[in-house]
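Asker: Provided herewith is a single structure, encoded as structure tokens, for subsequent inquiry.
The values are calculated or read from the model by the stated rules, or taken from the named source; none is laboratory data. This structure is a prediction, so every number in the text was calculated from the model and none was measured. When we count neighbours, we look across all protein chains shown, and the Cβ atoms used for this are built from the backbone with ideal geometry, even at glycine.
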């Protein structure tokens, strides 16, 4: 079973910021938070990951709460091409480090 | 960087035939690759973990004699669906693990759509 919960769907206007929440209340100290997205009929695309500090790259920002029980992925200026299913996954360091996929959040960016 | 390719991107075959899917890490070496299957409107399901130079580890319920995995080099893993049947029709996706420590990440191929008639 996935260790994260996400809203099944969200809408966002083109050009606005998209804020996608994820709850991972049972996260362990050695588990990282990863975000991927899957555009229809394609393989998943890595977006960003973090442990406890906020992270930013050219695609998005990741905000992790101080207690690490939840996080938010921020797409600062959503475009139509950001329409996809977004997955939040926690992965431990050590062990088999397998990805367990939930159902993710289906983000629709509207013109 | 961290590009993973798959070949073919789609394949149609007759029931009873075997199909081989290749997964390559193009700009990095991967000691560990993964094979997933995804049915319509469902999430990815891990089938097996492929380790270079050793036998693959299969998830519960995945038949190792039906889904043959070979990881003969650090940049290539293959999945062979033997004696394919219509229920094997699915979207097959591979991934490769890159980096170490805090930079470790799995990168995914574009997927292979299999249709068994």
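Asker: Looking at (1) touching a strand residue (DSSP E or B) at 6+ places or on another chain (Cβ under 6 Å); (2) at pLDDT below 95, find the lone condition where residue A:64 falls short.
Answerer: (2)
Asker: Same structure again: Determine, yes or no, whether residue B:89 is crowded, with 23+ Cβ neighbours inside 10 Å, at pLDDT 90 or above, more than 14 Å from chain A (Cβ to nearest Cβ) and on the phi < 0 side of the Ramachandran plot.
Answerer: Spelling it out, it is not the case that residue B:89 is crowded, with 23+ Cβ neighbours inside 10 Å, at pLDDT 90 or above, more than 14 Å from chain A (Cβ to nearest Cβ) and on the phi < 0 side of the Ramachandran plot.
Asker: Applying the selection to the range A:50-63, what residues are within 14 Å of chain B (Cβ to nearest Cβ), part of a strand (DSSP E or B) and under 17 Å from residue A:23 (Cβ atoms)?
Answerer: Correct list: A:50, A:62.
Each row is one residue, and each column tells you yes or no for (1) crowded, with 18+ Cβ neighbours inside 10 Å; (2) more than 14 Å from residue A:43 (Cα to Cα); (3) modelled with pLDDT of 90 or more; (4) within 12 Å of the chain's Cα centre (by Cα).
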| site | (1), (2), (3), (4) |
| --- | --- |
| B:4 | yes, no, yes, yes |
| B:35 | yes, no, yes, yes |
| B:39 | no, no, yes, no |
| B:68 | no, yes, yes, yes |
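Asker: What number goes with the only condition from (1) loosely packed, with under 15 Cβ neighbours inside 10 Å; (2) within 11 Å of another protein chain (Cβ to nearest Cβ) that residue A:95 does not pass?
Answerer: Failing condition for residue A:95: (2).
Asker: Looking at (1) more than 13 Å from every other protein chain (Cβ to nearest Cβ); (2) assigned to a loop (DSSP other than H, G, I, E, B); (3) closer than 30 Å to residue B:59 by Cβ, which is the only condition residue A:77 fails?
Answerer: (3)
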